[in-house]
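Visitor: This is the structure I have questions about; it appears just below.
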Amino acid sequence: MKDDSDSTYEVVLAGSGGQGLVSSGIMLGEAAILEGKNVTQTTSYGIFQRGGLSIAEVIISDEEILYQRVQDPDIVLALNDDGMNLYASLGEKGIPIFYDTTLVQKQEGENLYGYPFTEMANKLGHSGMANVIALGAVVAKNRMIRVESLEAILGRRFTGKMLEMTIKALYKGVALVTE
Amino acid sequence: MKQEVRLIQGNEAIAEGAIYAGSRFYAGYPITPSSEIMSECAKIMPKVGGIFIQMEDEIGSIAAVVGAALAGAKAFTATSGPGFSLMQENLGVAIAGEVPCVVVDVQRCGPSSGAATKPGQADVMQIRWGRHGDQSIIALCPSTVAECFLLTIQAFNFAEKFRTPVILATDEVVAHERQNFAIPAPGDIPVVNRKPPTVSPEKYRPFDAEEDGIAPLAVYGSEYVFHISSSMSGPDGVTNSKPDNIQWKVDQLNRKFEIHRNEIVLTKSYDTDDMDVLLIAYGATTGASRAAALEARKNGIKAGVLQLVTIWPFPDKEVEMLAKRVKSVMVVEMNYAGQVAGEVQKVIGSHVELKRFNKYNGQNISPRDILAAL
């Protein structure tokens, strides 16, 4: 676990190509920039446009970020079994692992937080909202950035009905952790 | 005006940097991990009155770039290993013709098609020696998104000032990472343009070098009619294989880099004042080396870092000066053979212990990798 003086947060978003993980990483990074923080976002992927294991990483810090990649994740979001299998054991070290129970087999263990992100998104009317719900939960859990900053970034990306839906999704995610 | 801080990708920063430097011509063929440079150019070039062309392959791409550059444009292309191999022949034409242009090589892992989405730094020697015959070239290596932007401008400035192709040698890690960066306002970063002729069209000779070793370059299609070809030519551009002329031409192609060596060779040093161990890094391995050096100091090892911003011409003096002061030097790079380590060895000889840290499995070199090897 990190101590309070450490301003650096290392985030891992793991799933399949096409699930929008890189977009989520970018939104998280842009929200941190609104708060004046330094950000590095990287991606590790295979040669497939869809499927396979794809990992998006985000590092947020008040300090200069020297090394681009995550070394010690502070929080993980897994959207497929491969991603979950890779990171689930970190839960025992006190790292919160969020995962989508619609897509990932349920696992028992310390600090494993399974929620039906995709099912919730479908109820909202768009499966693409799963990422936003999950981001809401992640951000509410460890306070690396303010939820309002993420809301502001959604406001730049979406308009009209779609924006309404994404903001609703964001706070659905926040509520999973805070209620 | 305060510029907006954005989350911007290395490849996007290269496209933006090229536009900032005044480039208005891009010809290319898409290849991972360089493709975002091309897609950005497809979006931006038409908006600034520039030309974007997707060519049939990389051979056509570099040919179009050479032609556009001679027609007066600041032209560039971007590719990765397989495409860079295809470009060597016409890159040789650009060198022989002293054609200012920029080629971005986003290095990926492995020989041949290799692992397209994984990083490598194994094109270092190809960048230097990929063409046949006596020739020199400039290559710059960005290690952050900010450097992707700034060194792209630097690459164009060197190309224009020294009438030469310049390689921006980046890698998959730096090309694909996104970081917060505010693109500087127009005018904040100096932009250099090539020297036009000062003589009348009748007196113009395309390879008449001035005192600084550089010949002014006229524009194809203007009243200046001149000839540039791949053959050994004289100052007037006409084919000439007499021994005196051959020697003059080869001298000319190499000497300009020697005259301006100190302006071209760029390095950055971190914590080198009191160090016992020197880490030498370039591109993606720079950040990991700096992080490892800081961590090593916490463990009582006084480590410093020399970042090679210019890799060709090789920063021999800079390496020598710092290596003299340490007990050991470690070169950190993503290739098997130690392509830069070999150059360092040439410079430092057997006076100082040289360690090579090489990783070539398509994965980043991490600070922990380096610490374990120190």
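Visitor: Hey, could you get me the Stokes-Einstein D for region B:201-262, Kirkwood radius over alpha-carbon pairs, 25 °C and 0.890 mPa s, rounded to whole µm² s⁻¹?
Guide: Here the translational diffusion coefficient equals 197 µm²/s.
Visitor: OK, next. Relative to the Cα centre, what is the charge dipole magnitude of the protein assembly as shown, using +1 at the beta carbon of each Lys and Arg, -1 at the beta carbon of each Asp and Glu, and rounding to the nearest 20 debye?
Guide: 340 debye
Visitor: Separation between the B:GLN247 and B:ALA337 pseudo-spin-labels, each 7 Å from Cα along Cα→Cβ, expressed in nm?
Guide: Taking the simple label geometry, B:GLN247 and B:ALA337 are separated by 3.2 nm.
Visitor: Please list A:ASP74, B:ASP134 in order of solvent-accessible area, largest first, computed with a 1.4 Å probe with all protein chains present.
Guide: Ranking A:ASP74, B:ASP134 by accessible area, largest first, yields B:ASP134, A:ASP74.
Visitor: Where does region B:224-374 land on Rg(C-alpha)/(2.2 N^0.38 Å)?
Guide: Rg over 2.2 N^0.38 Å, computed on Cα atoms: 1.36.
Visitor: Quick one: plug the Kirkwood hydrodynamic radius of region A:48-105 (C-alpha pairs) into Stokes-Einstein at 10 °C, 1.306 mPa s, and report D in µm²/s.
Guide: Using the Kirkwood radius from Cα pairs, D works out to 124 µm²/s.
Visitor: Could you tell me whether region B:279-334 comes out rounded, prolate or oblate from its Cα gyration tensor? Rule is a ≥ b ≥ c as square roots of the eigenvalues, rounded for a/c under 1.5, then prolate if a/b exceeds b/c, otherwise oblate.
Guide: Taking the square roots of the gyration eigenvalues as a ≥ b ≥ c, region B:279-334 is oblate.
Visitor: May I pose another question? Here is the link list: B:LYS327/B:LYS355; A:LYS37/B:LYS47; B:LYS324/B:LYS355; B:LYS43/B:LYS74; B:LYS256/B:LYS317; B:LYS324/B:LYS346. Which ones come out longer than 20 Å on Cα distance?
Guide: Exceeds cut-off: A:LYS37/B:LYS47.
Visitor: Same structure again: Looking at the protein assembly as shown, I'd like the Rg to Rh ratio, where Rg is from alpha-carbon atoms and Rh is Kirkwood's inverse mean 1/r.
Guide: Here Rg/Rh amounts to 1.02.
Visitor: In whole Å, how far is the Cα centre of region A:121-162 from that of region B:239-298?
Guide: 46 Å
Visitor: Which of B:HIS260, B:HIS227, B:HIS132 ends up with the largest GNM mean-square fluctuation for chain B, with Cα atoms connected below 10 Å?
Guide: Comparing B:HIS260, B:HIS227, B:HIS132 in the GNM, the peak value goes to B:HIS132.
Visitor: Which Rg and Dmax, in Å, describe the Cα atoms of region A:8-178?
Guide: Spelled out, the Cα radius of gyration and Dmax of region A:8-178 are 14.7, 42 Å.
Visitor: Hey, another quick one. Multiply the residue gap between A:ASP62 and A:GLU164 by 0.36 nm, knock off their C-alpha separation, and tell me the result in nm, one decimal place.
Guide: Here the segment from A:ASP62 to A:GLU164 would lengthen by 33.6 nm.
Visitor: Continuing with this model, one more query. Could you please tell me the mean projected area of the C-alpha convex hull for region B:174-239, averaged over all directions and given in square nanometres to one decimal?
Guide: Average projection, Cα convex hull of region B:174-239: 8.3 nm².
Visitor: State, as an integer percentage, the relative contact order of chain B based on alpha-carbon contacts under 8 Å between residues 6 or more apart.
Guide: Across chain B, relative contact order equals 16 percent.
Visitor: Right, next: Which of A:SER16, A:TYR171, B:GLY28 sits closest to the plus end of the dipole of the protein assembly as shown, meaning its Cα is farthest towards the positive end, when Lys and Arg get +1 and Asp and Glu get -1 on the C-beta?
Guide: Result: B:GLY28.
Visitor: Positive end of the dipole of the protein assembly as shown, charges at C-beta (+1 Lys, Arg; -1 Asp, Glu), about the Cα centre: which of A:GLY94, B:MET330, B:TYR282 has its Cα farthest in that direction?
Guide: B:TYR282
Visitor: Under the definition of partner shielding as Cβ atoms of other protein chains within 10 Å of a residue Cβ, what is the mean value for peptide A:30-40?
Guide: That works out to 3 on average.
Visitor: Just to be sure I understand the rule: take each whole DSSP H helix in chain A, project its Cα atoms onto its long axis, keep it if the span is 24 Å or more and its mean Kyte-Doolittle hydropathy is at least -1.0. Which ones pass?
Guide: A:160-178
Visitor: Next up: Take the alpha carbon atoms of chain B, find their radius of gyration, then divide it by 2.2 N^0.38 Å using N residues; give the quotient.
Guide: So chain B has a normalised radius of gyration of 0.99.
Visitor: Now, a different point. What aspartates and glutamates does B:LYS268 reach when the alpha-carbon gap must be under 20 Å and sequence neighbours fewer than 8 apart in one chain are set aside?
Guide: A:GLU63, A:GLU64, B:GLU147, B:ASP171, B:ASP276, B:GLU295, B:ASP316, B:GLU318, B:GLU320, B:GLU333, B:GLU343
Visitor: Rounded to the nearest 500, what is chain B's calculated 222 nm mean residue ellipticity when only DSSP H runs of at least 4 contribute -39500 (n - 2.57) each, over all residues?
Guide: Result for chain B, helices only: -11000 deg cm²/dmol.
Visitor: Set the Förster distance to 60 Å, then compute FRET efficiency between A:ASP72 and B:ASN254 from the Cβ-Cβ distance, nearest 0.05.
Guide: 0.75
Visitor: Which value results when the Cα radius of gyration for region B:5-182 is divided by 2.2 N^0.38 Å?
Guide: Against the empirical 2.2 N^0.38 Å value, I get 0.91 for region B:5-182.
Visitor: Where does each of B:188-197, A:56-65 land if you order them by average Cβ count within 10 Å, highest first?
Guide: Packing proxy ranking, top to bottom: A:56-65, B:188-197.
The values are calculated or read from the model by the stated rules, or taken from the named source; none is laboratory data. Here the structure is a predicted model, which means the values were calculated and not measured. All Cβ positions, even for glycine, are placed from backbone atoms using ideal geometry, and neighbour counts span all protein chains on display. With ligands, DNA and RNA removed, areas are computed over all heavy atoms of the protein, side chains included. Shrake-Rupley method; radii C 1.70, N 1.55, O 1.52, S 1.80 Å.
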